[in-house]
1. For the stretch 83-101, give me each residue that is buried (at least 19 other Cβ atoms within 10 Å of the Cβ) and either closer than 11 Å to LEU62 by Cα or touching a His at 6+ places or on another chain (Cβ under 8 Å) (or both).
2. If you take the residues in the stretch 5-17 that are touching a Lys or Arg at 6+ places or on another chain (Cβ under 9 Å) and not in a helix (DSSP H, G or I), which one is surrounded by the fewest Cβ atoms within 10 Å (Cβ to Cβ)?
3. Restricting attention to the stretch 29-68, which residues are at pLDDT 80 or above and among the aliphatic types (A, V, I, L, M)?
4. In the stretch 119-160, how many are among the small types (Gly, Ala, Ser), surrounded by fewer than 12 Cβ atoms within 10 Å (Cβ to Cβ) and under 18 Å from ALA15 (Cα atoms)?
Amino acid sequence: MVRSAPDRTLGARSAQVEAAAPDASSAGTVRFPGPGPELEPTGPGAGTNYPELRDPLAMVDLVRGALEVVSYGGTAVREASTFRYETVIDVEAAVRATPEARKASVRATADRLGSPAFYADVWVDTDGRIRRVQVPVEKTTKRPGNRDRSKPRLITVDLFAFEA
């Protein structure tokens, strides 16, 4: 389900996207297919290198490299019923699985991430589309356990208002 979600997501004509980091955010409309938008982050950390905020569709494509997928349960994302999955993203596997038209953009994002693998949470709706991808700011951070008191700094990419 998770590995096929990027194709189902990009099968829509367009969607609204909002991406947020601890100190910056971006928003806009994305049209499919295409190389992905270059959104302009805003906020105090806008100058920080957050590739997820500039090209949020790259995060959708990086889900193609999902390994160790574990279903975490159901929840709503922006009023859409979804299933949440915990996974590890293999960056090189994701780049290899990305269609040629988007490969350069995903490669550029992957190069800026600075880690060959990182954990991610992915929310997939009942139509098989990605509604949310959440990743740690520091890609070398290990997924926190249930007893960890520290809260990781996260980047969240939401897709909504899909147009068929």
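1. Within the stretch 83-101, ILE89, ASP90, VAL91, ALA94, VAL95, ALA97, THR98 meet the criteria.
2. Taking the stretch 5-17 first, the residues touching a Lys or Arg at 6+ places or on another chain (Cβ under 9 Å) are 5-15.
Those left that are additionally not in a helix (DSSP H, G or I): 11-15.
Details: GLY11: 14, ALA12: 17, ARG13: 10, SER14: 14, ALA15: 23.
Only one residue tops the list, namely ARG13.
3. VAL30, LEU53, LEU57, ALA58, MET59, VAL60, LEU62, VAL63, ALA66, LEU67
4. Step one: list which residues in the stretch 119-160 are among the small types (Gly, Ala, Ser), which gives 120, 128, 145, 150.
From what is left, the residues that are surrounded by fewer than 12 Cβ atoms within 10 Å (Cβ to Cβ) are 145, 150.
Then keep just the ones that are under 18 Å from ALA15 (Cα atoms); that gives none.
Selection size over the stretch 119-160: 0.
The values are calculated or read from the model by the stated rules, or taken from the named source; none is laboratory data. Values in this document were obtained by computation on a predicted structure and should not be read as measured data. No Cβ is skipped: glycine too gets one built from the backbone with ideal geometry, and neighbour counts run over all protein chains shown.
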